[in-house]
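Engineer: Shown below is the structure under consideration.
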Amino acid sequence: MALLLDGKKISQEIKNELKKEIKESKLSPGLAVVLVGENPASVIYTKHKKKACAEVGIKSFSYELPHETTQYELEELIEKLNLDKKIHGILVQLPLPEQINAQKIIASIDPKKDVDGFHPLNVGKLMLGLPGFRSATPLGIIELIKRYNLDLVGQHAVIVGRSNIVGKPLAQLLLQEHATVTICHSKTKNLPEITAQADILVAALGRPQFIKKDMVKKGAVVIDVGMNRLDNGKLVGDVDFDEVKNIVEAITPVPGGVGPMTIAALLMNTVKAAGFK
């Protein structure tokens, strides 16, 4: 059986560290959580984020807007939050309703309060290796790997998925850790052959149990970013966990792997935005 990369455990360690740091400082970090509409998954995610904030001592300010909110109304709120000194981080829960241009909303957030790491300025800084905010899920993945003392230097990392939220920023972070990176996607030819070469395999494609045993190298480290609910209600990742777990060195479970680390990384970014580090 592989080493289980316990995101819940490591996330709790990080939260304990942040709680101590906040308690010992004179700063009071504040996070604005903006939710437009009532997307069930988004409602759950924002609830988890607000609960985690309360646990470590970050003040969360909740803004729940109706589904019919306009582009102008949301931009107006963002502008107010940009100017509010009590707010150090702004999180706009995605996806947004179709009448709202998400890219324009992200670009309207003050880059110094962009704790999601999605603003073009922060994305550019990531590309150049300059200090800035990193996307929460990739940052959480790197933190998880490091805290288990798994080597990244010179390792061949294969990422299945090229989203702006996970695949692309994670590739940059892995390059900064001196890994050799391959990004695969829906148009990639001979995908199983490429994934089978990976020392570190990251599955972030949003297809339940897509990665099978024959697609994974023996002794690899497998990071499963997927979160899919089957017809029977069971929550599974993009990796067929039961097939793969006995041939790999380490693997993240779903749930309890990458998910908690995403929230921990968001808290880290918020504390950083408040001027702690």
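The values are calculated or read from the model by the stated rules, or taken from the named source; none is laboratory data. Bear in mind that the values here come from a model prediction, so they are computed numbers and not experimental data. No Cβ is skipped: glycine too gets one built from the backbone with ideal geometry, and neighbour counts run over all protein chains shown.
Engineer: Look through the range 14-62, keep the residues that are among the acidic types (Asp, Glu) and closer than 29 Å to residue 105 by Cα, and return whichever of them is surrounded by the most Cβ atoms within 10 Å (Cβ to Cβ).
Structural biologist: Here the answer is 55.
Per-residue answers, yes or no, for (1) surrounded by fewer than 19 Cβ atoms within 10 Å (Cβ to Cβ); (2) farther than 24 Å from residue 265 by Cβ; (3) in contact with a Leu (Cβ under 8 Å, 6 or more places away or on another chain):
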site	(1), (2), (3)
155	no, no, no
162	yes, no, no
166	no, no, no
179	no, no, yes
189	yes, yes, no
192	yes, yes, no
199	no, no, no
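Engineer: Still on this structure: Identify the single condition in (1) assigned by TED's automatic domain parsing to the domain that holds residue 221; (2) of a type in the set (Val, Ile, Thr); (3) over 16 Å from the mean Cα position of the chain (by Cα) that residue 87 does not satisfy, given that it satisfies every other one.
Structural biologist: (1)
Engineer: Does at least one position in the range 238-254 carry a residue that is in contact with a helix residue (DSSP H, G or I) (Cβ under 9 Å, 6 or more places away or on another chain), among the acidic types (Asp, Glu) and either surrounded by fewer than 18 Cβ atoms within 10 Å (Cβ to Cβ) or at pLDDT 95 or above (or both)?
Structural biologist: yes
Engineer: Here is a further query. Could you check the range 245-277 and list, in sequence order, the residues that are of a type in the set (S, T, N, Q) and in contact with a strand residue (DSSP E or B) (Cβ under 9 Å, 6 or more places away or on another chain)?
Structural biologist: 252, 269, 270
Engineer: Restricting to the range 113-146, count the residues that are in the same structural domain as residue 221 (by TED's automatic domain parsing) and surrounded by fewer than 17 Cβ atoms within 10 Å (Cβ to Cβ).
Structural biologist: Total meeting the criteria: 1.
Engineer: Tell me the helices (runs of 4 or more DSSP H) entirely within the range 1-88 that contain at least 3 residues that are basic (Lys, Arg) and closer than 19 Å to residue 116 by Cβ.
Structural biologist: It comes to 40-56.
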